[in-house]
Amino acid sequence: MSNPNNPSIDADNTNTENTIANASPLTWIQYKGDTNIGKVREANEDAYLVEPWKDNPEALLVVVADGMGGHRGGKEAADISIATFRELLDRPFPETDSAQYELLLKQFYTADEKIRDQASQSFKLMDMGTTIVAAIFTPDYYIYLHAGDCRFYHIRNGEPVRISQDHSVVQVLIELGKITEADVPTHPMRSVVNSSLGGRNANGQFTVSPQWNDDEHPAYPYESGDIFLLCSDGLHGEVPRDRILEISQQHAKDPDLLTQNLIDTALENGGKDNITLVILGGKSDLAD
């Protein structure tokens with residue numbers, strides 16, 4: 001666990017079954033990070049990071065990574081991705097939202113290259129990879145990107161403003177109308193992703209969303225009272241979307257109860273994977 005006097009949370013959770021990191025001393029935003037090994041896994045292969053830019057405390061970097069490829073490989077891939085994204089904090093924070101988006105996007109490819117390079121050094125690591133969601137928060141807007149099925153939620157009054165769409169086989173089947181959301185928890189391919197950093201047969205080609213183009217500039221404003229959740233599939237794979245929204249509404253003013261209730265619900269529903277989440281909101285929105 002990080003130093004409580006340091007406004008950062010960084011958890012790779014090597015031997016930690018359940019770690020809760022308290023809110024930061026930043027004046028404009030409060031956040032909570034939480035992780036649990038779950039009921040089935042022998043190790044926690046998730047990792048997360050919450051830390052402000054060194055030259056701009058009104059810019060916050062948040063990352064959740066869910067490693068895959070065996071105990072050693074999954075953890076190493078997640079750790080590499082977190083370390084790679086942390087490097088951004090040593091650079092000047094870009095002045096424009098488009099430059100911030102580009103900075104975040106490029107780091108996905110840098111992390112992928114580092115993971116693939118490390119995987120090539122050992123037969124035991126050859127399939128290692130990670131799914132990931134990363135976001136930049138400022139007092140006025142946020143930018144997020146993801147690869148795989150780590151998920152981003154923007155919640156207002158218990159209703160979804162924005163939820164990222166997984167890069168997964170079951171998401172494709174949902175979009176094709178072949179299955180419904182209710183079918184996902186029991187679908188035999190529910191854990192198969194079609195985008196990740198590294199991973200089996202990795203070749204540097206993967207999907208990162210959302211894209212910045214003429215139709216959409218994904219620097220999204222938000223309002224006082226809005227809550228944000230970044231999580232691994234160990235949470236949203238066990239807790240249905242409507243239940244996540246319901247719990248978020250019930251405990252919107254108590255981040256400790258919110259994080260603990262989400263993890264408890266995932267465990268009650270099976271806890272088959274590592275469970276990691278970061279919750280954020282304005283100082284007036286998440287108050288102890």
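The values are calculated or read from the model by the stated rules, or taken from the named source; none is laboratory data. What you are looking at is a predicted structure, and each value in this text was computed from that prediction instead of being measured. With ideal geometry, Cβ positions are generated from the backbone for all residues, glycine too; neighbour counts draw on all protein chains shown.
Among what's in segment 103-125 and is touching a residue at least 60 places away in the same chain (Cβ under 8 Å) and out of contact with any Leu (no Cβ under 7 Å at 6 or more places or on another chain), pick the residue that is nearest to residue 77 (Cα to Cα).
116
Right, residue 192: surrounded by 21 or more Cβ atoms within 10 Å (Cβ to Cβ), of a type in the set (A, V, I, L, M) and more than 17 Å from the chain's Cα centre (by Cα) or not?
No.
Got at least one residue in segment 267-275 being part of a strand (DSSP E or B), touching a strand residue (DSSP E or B) at 6+ places or on another chain (Cβ under 9 Å), crowded, with 18+ Cβ neighbours inside 10 Å and modelled with pLDDT of 95 or more? If you could, list the steps in order and put the result at the bottom.
Filtering segment 267-275 down to residues part of a strand (DSSP E or B) leaves 275.
Going one step further and asking which of them are touching a strand residue (DSSP E or B) at 6+ places or on another chain (Cβ under 9 Å), we end up with 275.
Adding the requirement that they be crowded, with 18+ Cβ neighbours inside 10 Å leaves 275.
Restricting the remaining residues to those that are modelled with pLDDT of 95 or more gives 275.
Within segment 267-275 (the criterion being part of a strand (DSSP E or B), touching a strand residue (DSSP E or B) at 6+ places or on another chain (Cβ under 9 Å), crowded, with 18+ Cβ neighbours inside 10 Å and modelled with pLDDT of 95 or more), the answer is yes, since at least one residue qualifies.
Among the residues of segment 205-225, write down those that are within 22 Å of residue 100 (Cα to Cα), of a type outside the set (S, T, N, Q) and assigned to a loop (DSSP other than H, G, I, E, B).
Within segment 205-225, 206, 208, 210, 212, 214, 215, 216, 217, 218, 219, 222, 223 meet the criteria.
Yes or no: residue 119 more than 13 Å from the chain's Cα centre (by Cα) and buried (at least 24 other Cβ atoms within 10 Å of the Cβ)?
Details: more than 13 Å from the chain's Cα centre (by Cα): yes; buried (at least 24 other Cβ atoms within 10 Å of the Cβ): yes.
Against the criterion (more than 13 Å from the chain's Cα centre (by Cα) and buried (at least 24 other Cβ atoms within 10 Å of the Cβ)), residue 119 qualifies.
Across segment 101-139, what is the total count of residues that are in contact with a helix residue (DSSP H, G or I) (Cβ under 6 Å, 6 or more places away or on another chain) and basic (Lys, Arg)?
Residues in segment 101-139 being in contact with a helix residue (DSSP H, G or I) (Cβ under 6 Å, 6 or more places away or on another chain) and basic (Lys, Arg): 1 in total.
Is there any pair linking a residue in segment 170-189 that is on the phi < 0 side of the Ramachandran plot to one that is at pLDDT below 80 and not in a loop (DSSP other than H, G, I, E, B), with Cβ under 6 Å and at least six apart or on different chains, and which?
The qualifying pairs are 170/184.
Which residue pairs have Cβ atoms closer than 6 Å, lie 6 or more positions apart in sequence or on different chains, and pair a first residue in segment 221-247 that is closer than 30 Å to residue 28 by Cβ and modelled with pLDDT under 95 with a second residue that is of a type in the set (Gly, Ala, Ser) and not in a helix (DSSP H, G or I)?
Sorted first by the residue in segment 221-247, then by its partner, the pairs are 224/282.
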